[in-house]
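First up is the structure itself, then whatever we jot down about it.
Any read-out appearing in this document is the output of simple, stated calculations on the displayed coordinates, not a laboratory observation. As the structure is a prediction and not an experimental result, all values here were calculated from the model. We place every Cβ from the backbone using ideal geometry, glycine too, and count neighbours over all the protein chains shown.
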Amino acid sequence: MREHRRALEAVGADTAPVRTGADLAAVDGIVIPGGESTTMSRLLGVFDLFEPLRDALAAGLPAYGSCAGMIMLASEVLDTRPDARCLGTIDMTVRRNAFGRQVDSFETDLEMAGIDGAPVRAVFIRAPWVERVGEGVEVLARVPDDAGESAGTVVAVQQGVTLATSFHPEVTGDLRIHRRFVEMVRRDM
Ligand code: GLN
């Protein structure tokens, strides 16, 4: 969360942590960070935030999820706990810890639609990948062809005002994805 807030502030956004329904009602967009999606699912229930968040997203609150955040935004999650819930904001099937069968964590450069200039340095940490996208979902990035077994895997998507990446741009100092998200939020205000 700290790294995301730092990146968002660096591109001119005001940020605040969201812990309650009142916090949620006060924001124009939300970032769901990395972490542990099954724990997030449980804590959203404990803090009575699951339904309010799901409903705010369904009503069009712009969102960006990285890694575990991507998992939370999915409509279907594979290889998760049976009691874990997801928010269903993006019509996609995501496989949790998908790269873990080959290597837990790795970095690569990839081309991302809507991000001009040099390739994006993508840091994957026990990351999910996207196995299916629905019709309304735009694929923004795939693992490059030279990346072995996982080449071609979808790792960044957008549906409407919701953005998700398997990787963690907040740890690289490259602000382009956060800038793009903040522009999306501003256009939507
Ligand atoms: N493997 C984690 C999960 O299932 C995600 C890891 C991350 O966010 N870096 O939620």
## Note on the structure
If the chain between ALA22 and ASP116 were fully extended at 0.36 nm per residue, the gain over the current Cα-Cα distance would be 30.2 nm
### Query
Say the dipole of region 139-189 comes from +1 at the beta carbon of Lys and Arg and -1 at that of Asp and Glu; which of LEU140, GLY152, THR162 then lies farthest toward its positive end?
THR162
## Note on the structure
From fewest to most C-beta neighbours within 10 Å, the residues CYS67, CYS86 line up as CYS86, CYS67
### Task
Determine the relative contact order of region 89-151: mean sequence separation of Cα pairs under 8 Å and six or more apart, normalised by residue count, in whole percent.
41
### Query
What are the extents of the Cα atoms of region 34-124 along their three principal axes, listed from largest to smallest and rounded to whole Å?
41, 31, 20
### Task
Would you work out the relative contact order for region 1-65, in percent, from Cα pairs under 8 angstrom that are 6 or more residues apart?
39
### Task
Quick one, can you get me the convex hull of the C-alpha atoms of region 88-137 expressed as volume per residue in Å³?
94
### Query
the chain: D in µm²/s via Stokes-Einstein (Kirkwood Rh, Cα pairs, 37 °C, 0.692 mPa s)?
200
### Relative packing of 9-16, 154-161, 73-80, which averages over residues the other C-beta atoms within 10 Å, highest first
154-161, 73-80, 9-16
### Summary
Length-normalised contact order of region 1-134, Cα under 8 Å, at least 6 apart, in percent, tallies to 19
### Task
For region 120-189, state the semi-axes of the equivalent ellipsoid (square roots of 5 times the eigenvalues of the alpha-carbon gyration tensor), sorted largest first and rounded to whole angstrom.
22, 16, 9
